[in-house]
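Participant: One structure follows; several queries about it will come next.
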Amino acid sequence: MSVFISHSTRDDLIATLVRLALHTRGVSSYADHFDSAAGSTRHITRLLVRRINDCTHLLAIITRATITSWWVPFEIGVARQGNRRITTFNRHRLILPDYLTEWPVLTSYDEFGAFAKTYLSDTQRMIIALEEKHASVTSEGLTSPDTFHRQLKTRLGQS
């Protein structure tokens, strides 16, 4: 269980800082610029889909570079389709498209504490649900993405 960090390659430094902010708070993450695999667009697409599907959460870094990125919206779409927990990091407080306001929005590195706290409690609930051999990890809404989103928005004062 980890967080996929979606970002434009022009934001590799920010992705590194986000990954460090998560790591220091006990959150495992993956950012595609750390993967040395390269190849055709088809290969990269398959790799990204596999990596997103291996993660339980997606954190999209939103900057001016994101506006020209085809990959960030693709990755968000894959995460949405896969019923992943989605959060954005919008440090520069850019105007977001309406669909991104559905999920929690982090606006400073300080808010990664709230993210980590919500992530860790959500992950614990998933582990308990799996250990109790529930038919579905989302049974009874205990570990649904909506619960994660609602709890994080509450912690961030966005509810």
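Yes/no matrix, rows are residues, columns are (1) within 24 Å of R25 (Cβ to Cβ); (2) assigned to a loop (DSSP other than H, G, I, E, B); (3) under 13 Å from the mean Cα position of the chain (by Cα):
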residue: I86; (1), (2), (3): yes, no, yes
residue: I95; (1), (2), (3): no, yes, no
residue: D110; (1), (2), (3): yes, no, no
residue: K117; (1), (2), (3): yes, no, no
residue: M126; (1), (2), (3): yes, no, no
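Participant: Shifting gears a bit: Output the residue which, of all residues in the range 113-135 that are of a type in the set (G, A, S) and under 16 Å from M1 (Cα atoms), is modelled with the highest pLDDT. Can you show your working first?
Facilitator: The initial filter retains those residues of the range 113-135 that are of a type in the set (G, A, S), namely 113-114, 116, 121, 129, 135.
Those left that are additionally under 16 Å from M1 (Cα atoms): 116, 121, 129.
Working: A116: 97, S121: 91, A129: 72.
Taking the candidates together, the pick is A116.
Participant: Of (1) under 21 Å from L156 (Cα atoms); (2) touching a residue at least 40 places away in the same chain (Cβ under 8 Å), D11 satisfies all except one. Which?
Facilitator: Condition (1) is where D11 drops out.
Participant: Taking the condition of being in a strand (DSSP E or B) and either at pLDDT below 90 or in contact with a Ser or Thr (Cβ under 6 Å, 6 or more places away or on another chain) (or both), how many residues in the range 31-57 meet it?
Facilitator: Keep residues of the range 31-57 that are in a strand (DSSP E or B), which gives 31, 57.
Narrowing the set further to residues that are either at pLDDT below 90 or in contact with a Ser or Thr (Cβ under 6 Å, 6 or more places away or on another chain) (or both) leaves 31.
Total meeting the criteria: 1.
Participant: Could you tell me whether S69 is small (G, A, S), surrounded by 15 or more Cβ atoms within 10 Å (Cβ to Cβ), farther than 26 Å from R155 by Cβ and modelled with pLDDT under 95?
Facilitator: On the way: small (G, A, S): yes; surrounded by 15 or more Cβ atoms within 10 Å (Cβ to Cβ): yes; farther than 26 Å from R155 by Cβ: yes; modelled with pLDDT under 95: yes.
Yes: the conditions hold for S69.
Participant: Specify which of the listed residues (E111, E75) is within 15 Å of Q158 (Cα to Cα) and surrounded by 12 or more Cβ atoms within 10 Å (Cβ to Cβ). Show your work before the answer.
Facilitator: Working: E75 fails: within 15 Å of Q158 (Cα to Cα).
Sole residue among the options that is within 15 Å of Q158 (Cα to Cα) and surrounded by 12 or more Cβ atoms within 10 Å (Cβ to Cβ): E111.
The values are calculated or read from the model by the stated rules, or taken from the named source; none is laboratory data. Quick caveat, the model's predicted, so the values are computed rather than measured. Virtual Cβ from ideal backbone geometry, glycine too; neighbours counted across all protein chains shown.
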